[in-house]
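What follows is a short report on a single structure.
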């Protein structure tokens, strides 16, 4: 599985890539995910499985069938954000890759990400081309699309793979379901916000990174198949709650004084999003999440200070934002960060 599992075997430690796979009761996905990782063409990489106290035999399965994978066991379900941060701490590479357990990567996926991050010292993030496992000709995500209303969705979702630009392009950030991060960037701006638990933590991290001068490339050749919402069901109470709460926190942490002019549009779109969620799923979890987010703003004051400290003007990266569209056209995409 690991091309270089011991430090004495690593010819150039600076080029080592650490692939972090977070798992929670996902044994049924792990065979395909880890088998695909075992045949990657990248020269130097390791695989770290961070298990969130699974009860389905995931750890035992990996230990028996994939002995080269390093396993980190959490005593409880720490969530996607915290588990990846724990993986960062255990990883030895200067390039950190987050990968969902419900994915199956093409053999040259990792090598293409490495090629992309090496194109410039300010490339702190690379986004994979995620396609649907059920139909690999259809794009699931090529990174994060983001607009002035604080709406984030999967870039080019639903497009045909054959129709996308074959050249790397700059985007706002990567979907953390299959993303590469430069360790130097993580050390500067911090990892995922663990209070988020799951969802929008990748948008929050990308926003912080962009505000501090880091760029992101979407790599068309870095293809990975993905089971859409394989871990958390679309429209589930937990997903709607976390999305609603985390969006409030993300905006509070990152919206600078120079961006306060966005606030009326943000409020309009978010009100529309909450109503849409109530209509579509017939539950109040999205609204409850927003209320919880507002109640938790006091605990986010220091994080807001740290996010905005030494931040560059948004004019540097505002060109990456998507054009505004009427709320009803984006209704189905409101903040649907999918891992």
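The values are calculated or read from the model by the stated rules, or taken from the named source; none is laboratory data. Values in this document were obtained by computation on a predicted structure and should not be read as measured data. Quick reminder, even Gly has a Cβ in these numbers, built from the backbone with ideal geometry, and neighbours come from all protein chains shown.
For the structure I just gave you, tell me whether residue 252 is farther than 20 Å from residue 307 by Cα, touching a residue at least 24 places away in the same chain (Cβ under 8 Å) and in a helix (DSSP H, G or I). Criteria not met by residue 252.
Take the conditions within 29 Å of residue 28 (Cβ to Cβ), touching a strand residue (DSSP E or B) at 6+ places or on another chain (Cβ under 8 Å) and either at pLDDT below 90 or in a helix (DSSP H, G or I) (or both) and apply them to residue 203. Does it pass? So residue 203 fits the description; yes.
Here is a check on your reading of the model: is residue 276 surrounded by fewer than 20 Cβ atoms within 10 Å (Cβ to Cβ), in contact with a helix residue (DSSP H, G or I) (Cβ under 8 Å, 6 or more places away or on another chain) and closer than 30 Å to residue 125 by Cα? Criteria not met by residue 276.
Contact annotation: no residue pair with Cβ atoms under 7 Å, 6 or more positions apart or on different chains, pairs a residue in region 13-34 that is more than 14 Å from residue 100 (Cβ to Cβ) and outside the structural domain of residue 96 (by TED's automatic domain parsing) with a partner that is part of a strand (DSSP E or B) and at pLDDT 95 or above. Of the residues making up region 46-62, just one is more than 20 Å from the chain's Cα centre (by Cα) and either within 20 Å of residue 92 (Cβ to Cβ) or not assigned by TED's automatic domain parsing to the domain that holds residue 178 (or both), namely 62. Comparison of 148, 92, 160 shows that the only residue that is at pLDDT below 95 and surrounded by fewer than 19 Cβ atoms within 10 Å (Cβ to Cβ) is 148. Find the residue count for region 103-124, including only residues that are assigned to a loop (DSSP other than H, G, I, E, B) and within 17 Å of residue 173 (Cα to Cα). Counting residues in region 103-124 that are assigned to a loop (DSSP other than H, G, I, E, B) and within 17 Å of residue 173 (Cα to Cα) gives 5.
Residue count for region 52-66, restricted to those that are in contact with a helix residue (DSSP H, G or I) (Cβ under 8 Å, 6 or more places away or on another chain) and either assigned to a loop (DSSP other than H, G, I, E, B) or surrounded by 23 or more Cβ atoms within 10 Å (Cβ to Cβ) (or both): 7.
For region 86-102, a residue qualifies if it is in a helix (DSSP H, G or I) and within 17 Å of the chain's Cα centre (by Cα), and the qualifying residues are 86, 87, 88. State whether one or more residues within region 67-80 are farther than 30 Å from residue 165 by Cα, in contact (Cβ under 8 Å) with a residue 60 or more places away in the chain and part of a helix (DSSP H, G or I). Within region 67-80, one or more residues are farther than 30 Å from residue 165 by Cα, in contact (Cβ under 8 Å) with a residue 60 or more places away in the chain and part of a helix (DSSP H, G or I). Out of 266, 287, 291, 186, one residue alone is assigned by TED's automatic domain parsing to the domain that holds residue 29 and assigned to a helix (DSSP H, G or I). It is 186.
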